[in-house]
Ligand SMILES: Cc1cc2nc3c(=O)[nH]c(=O)nc-3n(C[C@H](O)[C@H](O)[C@H](O)COP(=O)(O)OP(=O)(O)OC[C@H]3O[C@@H](n4cnc5c(N)ncnc54)[C@H](O)[C@@H]3O)c2cc1C
């Protein structure tokens, strides 16, 4: 007879492991949990490749609350996810985000700041003088004000978070297996089993789907009618034999025409001509991540996705364009202060929209359904779909509440509530 599970989770990266952990730490739950992932190395998962930044500076209360929950979880992670005497450390650095406004944007920034403060986020609103005193390197003559996260904002290591959630879930009894879910079986409105690509069939009382397009796996679910997918990105990971002095852990490097890139990415369907880049160099703060005298860094360059209805471009020839674009990114970084980079690269790996698509991510983007008004909050696909089987819970980036690590942490708990009933805060 086939083995049977109380809950089977499809997708075992940060979201799947968060669900497994939250489920098994719930005192009222004593079931058998299986986590399946088609690639248990998680090499290409968004969780492993994430820039893993967290901020509180949002303009809606619900986003701020989700993110405050996220930072509280990350601060307590050593206790929450300890396994025996092993206390995980995800390298959280609360260095703050700085949002600057000219006179035209000052009102909105002040309004957002009032909301952030009311919700309990530790954000400072500064005029030009205070700003110049705190950040002497910043040109402030055209700025009316800025907001800065004094605490609660910064970055951490996404890979360590995934491993910590996974280790804790396993310690609590979750079973992990390699396996690609290709569909679920159901009887009337209840799922009875999941089917795997290798032909296995695993009976389950409830199924949690964290994969990007759940409607391709679960019969009866409806795909969004006119989806707008987020822009995609090229992620370039480098190991270099150089200390890259003068560079920081996290840098957002804007091009001169940073407004123009929005049109290129979401209207014209072409790569940025003057790229704005996110560069993370985690070995700057954790020297164990790179050999002596070297650094590891990840460069994220937004690109159009593959869906023309979302402003993307399915005709970009990434196998040809990719290597050229890689050279362009390196040259741009050299010109912006990462001098010596190109000659020091020892190992590298690049993911393009085609790689994200090969992961099963719709429109070749790891950032899922865009957070447009019509795809946010109550309008985003629900975690408990109205159509389809009633014992399926959805927990991926394209469903409520959305994309990002704070969402992973809150969604883990939400998914459990869908299975066990309300969990005390
Ligand atoms: C380059 C980049 C930068 C980012 N930066 C940030 C940031 O700064 N801050 C932030 O908050 N968020 C950021 N994110 C987003 C964040 O990392 C993701 O929202 C989060 O990691 C999603 O976790 P997940 O487990 O849902 O998805 P994933 O990590 O993609 O995991 C999905 C898993 O499901 C598995 N899977 C898929 N289909 C199947 C199937 N049919 N059967 C079995 N297994 C399956 C896959 O193998 C994969 O392991 C970033 C993402 C990327 C890619």
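The table below gives the values:
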item	result
Residue 75 paired with residue 95, simple spin-label distance in nm, labels 7 Å along Cα-to-beta-carbon	2.0
Rounded to 10°, Cα long-axis angle of helix 318-335 versus longest principal axis of the chain	40
Square roots of 5 times each gyration tensor eigenvalue, C-alpha, the stretch 232-364, largest first, Å	27, 16, 12
Cβ-based exposure ranking for 160, 411, 342, in which fewest neighbours within 10 Å come first	342, 160, 411
Average Cα contact separation per residue, the chain, under 8 Å, 6 or more apart, as relative contact order %	20
Label-point gap, in nm, between residue 41 and residue 335 - each point 7 angstrom along Cα→Cβ	3.5
Tilt relative to the chain, helix 405-420 - C-alpha long axis, 0 to 90 degrees, to 10	20
Translational D in µm²/s for the chain (Stokes-Einstein at 20 °C, 1.002 mPa s, Kirkwood Rh from C-alpha pairs)	94
Sorted by Cβ neighbour density within 10 Å, fewest at the top, the residues 55, 75, 287	287, 75, 55
Helical mean residue ellipticity (222 nm; -39500 (n - 2.57) per DSSP H run of 4+; nearest 500) of the chain	-8500 deg cm²/dmol
The stretch 335-425: mean projected area of Cα convex hull, nm²	10.2
Between helix 158-171 and the chain: long-axis angle, C-alpha atoms, 0 to 90°, nearest 10	30
The chain: most fluctuating residue of 332, 376, 102 per GNM, C-alpha cutoff 10 Å	102
Gained length - residue 102 relative to residue 124, 0.36 nm times residue gap less alpha-carbon distance	6.3 nm
Potential extension, residue 256-residue 324 segment - 0.36 nm per residue separation minus Cα distance	22.4 nm
Contour minus Cα-Cα distance for residue 197 and residue 30 (0.36 nm per residue)	57.3 nm
Neighbour-count order for 187, 168, fewest beta carbons within 10 angstrom listed first	187, 168
Compactness index (Cα Rg / 2.2 N^0.38 Å), the stretch 98-155	1.09
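Computed from the coordinates by the stated procedures, all read-outs in this text should not be read as laboratory data. Bear in mind that the values here come from a model prediction, so they are computed numbers and not experimental data. Here the Cβ is made from the backbone with ideal geometry for all residues, glycine too, and neighbour counts use every protein chain on show.
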